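The values are calculated or read from the model by the stated rules, or taken from the named source; none is laboratory data. Quick caveat: nothing in here was measured; it's all calculated off a predicted structure. Reconstructed Cβ throughout: ideal geometry from the backbone, glycine too, with neighbour counts over all protein chains shown.
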Amino acid sequence: MNCFSAVRINWRKVSPLVLKSTTFLIFSLISPVDVFGQDDVAIQEGKALFNTHCAACHKVNRKAIGPALAGASERYDRQWLYSWIRNSSAVIASGDPIAVALFEEYNQSVMTAFPQLSDEDIDNILAYTDFVPEATQTALAAAGSETEPGNSTLYRVLLVGLLGVLLLLVLMLYFIQKRLVKIKSEIDADFQPNPKLDPIWKAFAKNQFLVFSAVVLLFFVGLYQLYGYMMQIGIDQGYQPVQPIHFSHKIHSGDNQIDCKYCHSSARVSKHSGIPSLNICMNCHRNISQYDGPEDLAAGYDKEFYTNEIKKIYAAVGWDEDNQEYTGKTQPVRWIRIHNLPDFVYFNHAQHTQVAGIDCQTCHGPVEEMEVLYQYAPLTMGWCIECHRESNIDLLGNEYYQKVHQELSKKYGVDQLTVAQMGGLECAKCHY
Amino acid sequence: MSKEKIYWKSIHQLDGTNPELSELSNREFADKLPTDLYDNHISDNQEDQFSSRRDFLKYLGFSTAAAALVACDGPVIKSVPYVVKPEQITPGNANYYATTFFDGYDYSSILVKTREGRPIKIEPNTDAPDFYQANARVHASILSLYDTQRLQVPKANSRDISWEDLYDQTKGKLNELSQNNQKVVLLTNSLISPSTQDIISKLILKYPNIEHIQYDSIPHHWVLDAFEGLYGQRAMPNYDFSKAQVIVSIDADFLGDWQLGGYGSGYAKSRVPNQTGQKANMSYHVHLESNLSLTGSNADKRVALQPAQIKKVLAHIYQNICLGMDSKDDQIQSIVSHIIDRIKSNPNRSVVVSGIESSEAQSMILSINQSLQSQAFLPNEPLYFKKGKANPIEYIVEGISQGEIKGLIWNGVNPVYSSPIGDALGGQIQNLDFSLALTTVYDETSKLAQLVAPTSHYLEAWNDYNPKPGYYSIAQPTIKPLFYTKDFQQILLDLAEVDSNHLDYIKNYWETNILDGSDWNKALHDGFFIKEDSNLSDFEFPQLQPIERASLLSAEDAPMSLILYPKISLGDGQQAGNPWLQEMPDPITRVSWDNYLTVSISDAKKMDLVNTTNSHGAIDGSRVLIQVQNQEIEIPVFIQPGQAPGTVGLALGYGRRVGLKKEMHVGQNAFKLLLNNERTQSVTINPIIGKMHEFACIQLQSTVMGRGEIIKETTLEEFNTKEKEYYNPVVHVSKNHLEVSVRSDEVDAWRSFDHSTGHLFNLSIDLNSCTGCGACVIACQTENNVPVVGKREVRRSRDMHWLRIDRYYSSNDTIQEDQKKAEETTWFGQAYSTFRDLEKAAENPEVVFQPVMCQHCNHAPCETVCPVAATVHGRQGQNQMAYNRCVGTRYCANNCPYKVRRFNWFRYNKNKEFDFHMNSPLGRMVLNPDVVVRSRGVMEKCSFCMQRTQKTIMDAKLEGRQIRDGEFNTACAQACTTGALVFGDVNDENSKVAKLKKSKRKYYMIESVGTKPNVMYQLKVRNKDKNES
């Protein structure tokens, strides 16, 4: 029970842990299960080749820029496919009716020539595109039912340890009390106990010193509590709102290793990191219209869920998936801003990420692990200043700093200057 | 029997039987407290209608609790990114676009700073070779883009209609009138756009009954006629004052609005003592006028004369220089011979200019300058800014009344307001078959139109200009039209049924007629284009003919002459709805939110007119009724030192009412007195007894009272012959009864800051080249989100300008005399009388302008008294003010010797009590997102444009390089049209400001206090002989 309440109280801190462990478990369950079941090397190699060469324009089961490739080997003659894939323009130029028809159907978009692919390679790709994977959901369903997080053993050990300490304390107290009673009875033998004792509250009220100290104590405890309460006003550490589109930083930045500044490109040049505009999303999601990655069934994040979120981008940006074209009907996404600095604070992302070379994670936390983004840092002035006091300035190769660094380090007698020594604690550097 | 004395406050008190009074005297407040505010239900019982104090507390408690509960939930802030982000826009970074400002009254090549697609500031386009000096009105024009009073949709008889409807109705009417061959007049301001002229000719081709008339609210046709008569081209002569050594300006306020102004930068170049060889050299400037103008204030010798006298002086100078005759007029003999002596000392480096409204006078000016072969006179580069002929409105009114003109289309003009016969025109417009107003705001004239087409603001529109031969500029939109508006030219194109949009039309026009194969994109990027013009090289001076002089020589002065003038802030009143300009103090009088009759000290005495100061430091003025022929205006009086006796002045551009927020309904319309379109009128003045007008004047002290530590000045002779210690001594203070220099460490109570590393920002202000134009004031207001507080608050000295331009008069004829007198004062009683004398400005005083902002003291008195350390010193020399830390004790303001700190008495944004631009979401779009909008109860002041210096440093860091001189700039120094303000890093030895710091003219204001400021002044040198004052 104790363990449970601990989890509930600190759920915000613990839930990433739980999540992490759950996903780990699911991973460990999925990954050994080979998607293709048997050792079909051809399919494996075909998949690799498909991802390298074809995936930008083709899907296996759906139309994209080019046609769906599933069943292509049945629809077309294999020799024709070889020559088409190696140099489609030549085939079209030769006036081949199938080729010309295909060319016309897909808006005359020219397919890249792949002269480097051998017949075997193409066979492998076709083997992959023809392959229909077995449903692997059963294994996952089993995984979903296991709810107990792996870390609970740790809590149990801790709990047992705590109980042991408590028991020890109780035993000690018992012995001490026994000893005291014994001493008291020896003393009491000399005195006649007063039969008319005041009730304890009355005695307390009569003792002015006690009353005074209690009031003082209560006052200071109250003050301390009030201070604690006041100090957390306006601090939104852990703020984790539900966004209009369930965007998972974990999938993008964690699983797929996309650099933060690929999407948040303004962070390189501007004070704002910038919420990416939807055309940035479409750079990739024009082709990635389905989610095929790992799922978190415990939280309800299955493939369909993620795919639906991708559809939300299409709705917002006005992308007609069937016809592969923009409709022009847009619906800007109203994201909920998580990191809010007061108006009187000036913060510059470019200064921190480009000039100082600080990782985004230093302030934003393990974003690559966040399924739902939350505010990691308190964003208080104390937090800013602490970092400015401790961080050294990395001046390597920045000509702006060279002269001033030389002079200042001589003045302070240090090799490495902190931000504070450079003037990073001055009020108007951030407040104007 | 002695009777007790009775003291009474009002004569009504003497009447003991008045029951109201006896009751009033028993009550503390005249009205009952409005306790029933909270009680909505009406009870039969009279007593129940008032809620008790207990109720009040209940409501109070409930609302506090409710507010507290609501406050528990933080606000959810939404962030909406672009769907498709434009490539050039990076949120957080500014973009700049080159464009051009022209409204028929001001012209300037400018850069527009935009943030996230919205224009927020006007900056000079210093790449342009000419016309890049933007004055205060141009700087403020950005706010008119976000004017809530702007017209948003087309209207027909005050009802909203669609553009299609408007076009249908207009075309129908135009066709009908064209078929009947009935005249339609297209009335515009002076147009200098070549492509617009072309579009208008297309329109006239389509409707041959249209006649195009150009109209200037303040006429310039005299100078156009004169120039045309001599040089055959209808234009205004151009001058380059930087090449002049002797400048004679005869009623020509060329630092103000004379010939569109913009001569300040050239003038200032010749006014800074230029050390070449042994002796420093600067130009000599003599100025004749009746009102005290900006130009008169800057002159070395200013002569206040009545208008007819001025005309005579010009005629005599002309006689002497061009005809070789001596003058024989006793009254003006000395000034004429003085001017002629000066001119003859250096004839081809002399220039004479005049604003006298007669083509003879203007012809004389051309003849004089041509005979002098003046290098400053550029008739081969004339200015095309003004096109208007004489009396266009009279022509239209007559045409309508005689039934010749049946239709009127107008754009960019407001003649019902700005013409003396505007009322007659207003009446006639209603008799027209067809009237169409093309306008951005509803004004006096467009209110009367049947059809109103909203035109785009200049920051939303395309345009092109040709201000002088070979110089072309482009105006490009910096934002999509905010409302359903179209370019003026687009409307004409649509009416002429030319199937083209305005941009394509301009582009085509330029490619065929102007560019000569050059790149359009480059011209657009630069904002201007220079083309070889045959006019420049082939110019030949014609033979001069004698000019008829009798009209000038025989001019007689009226007993009292009224001289109408445009104010620096409002000009001709086109931007009367702009709160920045309304609140900008006039450089001379320091009065904002008003126009007034300027009266000389002696005339005021004669007529018993007074200016009084009331207990909270505001100025009140007598009111008068002035009459010019049959026009009457009731106007307050402002007593103006330097006003020529027998003359009074009145500013144009005020008194507009239609299309203005209520707060801007100030002043009286002086255009009604511009009879025969002449600025000089004979006037009678009748004082109104008892009524005093309340001014919003921000400077009460009008003289420095000989305090040489505030203003230092010397003469060119002393500057050249004496040591620096003589004319610019360092202040000495007493230590152990010994005199020690205040700059010595011995007398310093402070531990000094080490400023040797990094940047140290300094600002140098040259009193010689500062003309007081006030562009910096508005630039600062724009850059730093300085609020507008309104007339009532300015009157209480609660103006918020971070940068003010103090104007000081001398109480003797010169400030130096004042100083001597003050220094010679030895004992207390004498000091009392001396200083009382020094307080009063002289009849014709010398004037100094001194821009004052936070001096960024290295030993700042404000910092030591702040109980919460909200204002602290930075290593870069900036005195930093942390608003979020400030608790509003105002100790700092009390301890500041320069009085540059401003306190937010109210929340000036989102507050309906201050219904200026910050009270509407539209108006707030002008705010600079890099500067916080201060809240109530917080002290604020100049930050040395911290956001700009930090941005410059940031750019250098990102590019990994050192900062070049000139990169650091404050808004004021950037806006300075004359280069008087120079900002930079003094730790960079090669920087301009570091050199100025070593200048002989450098001094610090009130240096004896030991504040060690980072703002330095360059003392004023006047070019005058010992024997003349």
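Computed quantities for the displayed model
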quantity	calculated
Yes/no for A:I280 being within 14 Å of chain B (Cβ to nearest Cβ), part of a helix (DSSP H, G or I) and more than 24 Å from A:F347 (Cβ to Cβ)	no
Condition check for A:G234: closer than 30 Å to A:L373 by Cα and surrounded by 10 or more Cβ atoms within 10 Å (Cβ to Cβ)	yes
Which listed residue is aliphatic (A, V, I, L, M), within 14 Å of another protein chain (Cβ to nearest Cβ) and more than 29 Å from B:Y284 (Cα to Cα), from B:V742, B:V786, B:V794	B:V786
First in segment B:393-409 and without any contact (Cβ under 8 Å) to a residue 60 or more places away in the chain, second anywhere and of a type in the set (G, A, S), Cβ under 7 Å, 6 or more apart	B:V397/B:A424
Conditions (1) within 25 Å of A:I258 (Cα to Cα); (2) within 13 Å of chain B (Cβ to nearest Cβ); number of the one not met by A:F344	(1)
Segment B:116-129, subset touching a Ser or Thr at 6+ places or on another chain (Cβ under 8 Å) and under 26 Å from B:Y239 (Cβ atoms), residue modelled with the lowest pLDDT	B:A128
Lone unmet requirement of (1) within 29 Å of B:C892 (Cα to Cα); (2) surrounded by fewer than 21 Cβ atoms within 10 Å (Cβ to Cβ); (3) in contact (Cβ under 8 Å) with a residue 40 or more places away in the chain for B:N969	(3)
In segment B:752-791, the residues that are farther than 27 Å from B:V872 by Cα and touching a strand residue (DSSP E or B) at 6+ places or on another chain (Cβ under 8 Å)	B:D766, B:L767, B:N768, B:C770, B:T771, B:G772, B:G774, B:K791
Residue in segment A:283-297 that is farthest from B:L958 (Cα to Cα), counting only those that are part of a helix (DSSP H, G or I) and not aliphatic (A, V, I, L, M)	A:H285
Hits in segment B:985-996 (condition: assigned to a helix (DSSP H, G or I) and either in contact with a strand residue (DSSP E or B) (Cβ under 6 Å, 6 or more places away or on another chain) or among the aliphatic types (A, V, I, L, M) (or both))	B:K992, B:V993, B:A994, B:L996
When residues of segment B:93-107 are limited to those that are in a loop (DSSP other than H, G, I, E, B) and in contact (Cβ under 8 Å) with a residue 24 or more places away in the chain, the one nearest to the other protein chains (Cβ to nearest Cβ)	B:D106
Residue in segment A:298-316 that is facing chain B (nearest Cβ under 8 Å), assigned to a loop (DSSP other than H, G, I, E, B) and at pLDDT 90 or above present	no
Qualifying strands (runs of 3 or more DSSP E) (wholly inside segment B:595-698; at least 1 residues being under 20 Å from the mean Cα position of the chain (by Cα))	B:597-599, B:631-639, B:647-652
Hits in segment B:444-466 (condition: assigned to a strand (DSSP E or B) and surrounded by fewer than 21 Cβ atoms within 10 Å (Cβ to Cβ))	B:N466
Entirely in segment A:358-426, the helices (runs of 4 or more DSSP H) that have 1 or more residues that are within 13 Å of another protein chain (Cβ to nearest Cβ)	A:381-390, A:399-412
So B:D594, is it closer than 30 Å to B:C780 by Cβ, surrounded by fewer than 24 Cβ atoms within 10 Å (Cβ to Cβ) and in contact with a Phe, Trp or Tyr (Cβ under 7 Å, 6 or more places away or on another chain)	no
Which numbered condition B:K1000 fails, given (1) in contact with a helix residue (DSSP H, G or I) (Cβ under 6 Å, 6 or more places away or on another chain); (2) among the basic types (K, R); (3) under 13 Å from B:F761 (Cβ atoms)	(3)
Candidate set from segment B:885-936 (those that are of a type in the set (S, T, Y) and surrounded by fewer than 20 Cβ atoms within 10 Å (Cβ to Cβ)); member that is farthest from B:M853 (Cα to Cα)	B:S920
Test: A:Y262 is in a helix (DSSP H, G or I), farther than 30 Å from B:P81 by Cβ and among the hydroxyl-bearing types (S, T, Y)	no
Hits in segment B:168-181 (condition: farther than 13 Å from B:K206 by Cβ and under 43 Å from the mean Cα position of the chain (by Cα))	B:D168, B:Q169, B:K173
Selection status of B:S190, at pLDDT 90 or above, more than 27 Å from B:W510 (Cα to Cα) and polar (S, T, N, Q)	no
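Table: residues versus (1) in the same structural domain as B:T782 (by TED's automatic domain parsing); (2) in contact with a Leu (Cβ under 7 Å, 6 or more places away or on another chain); (3) without any contact (Cβ under 8 Å) to a residue 24 or more places away in the chain; (4) not charged (D, E, K, R).
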{"site": "B:G829", "(1), (2), (3), (4)": "yes, no, yes, yes"}
{"site": "B:M853", "(1), (2), (3), (4)": "yes, yes, no, yes"}
{"site": "B:P861", "(1), (2), (3), (4)": "yes, no, no, yes"}
{"site": "B:A870", "(1), (2), (3), (4)": "yes, no, no, yes"}
{"site": "B:C892", "(1), (2), (3), (4)": "yes, no, no, yes"}
{"site": "B:R901", "(1), (2), (3), (4)": "yes, no, no, no"}
{"site": "B:R907", "(1), (2), (3), (4)": "yes, no, no, no"}
{"site": "B:S920", "(1), (2), (3), (4)": "yes, no, no, yes"}
{"site": "B:N928", "(1), (2), (3), (4)": "yes, no, no, yes"}
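Matching residues to (1) of a type in the set (K, R); (2) within 11 Å of chain A (Cβ to nearest Cβ):
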{"site": "B:G874", "(1), (2)": "no, yes"}
{"site": "B:Q878", "(1), (2)": "no, yes"}
{"site": "B:R885", "(1), (2)": "yes, yes"}
{"site": "B:Y898", "(1), (2)": "no, no"}
{"site": "B:R902", "(1), (2)": "yes, no"}
{"site": "B:F906", "(1), (2)": "no, no"}
{"site": "B:K912", "(1), (2)": "yes, no"}
{"site": "B:D915", "(1), (2)": "no, no"}
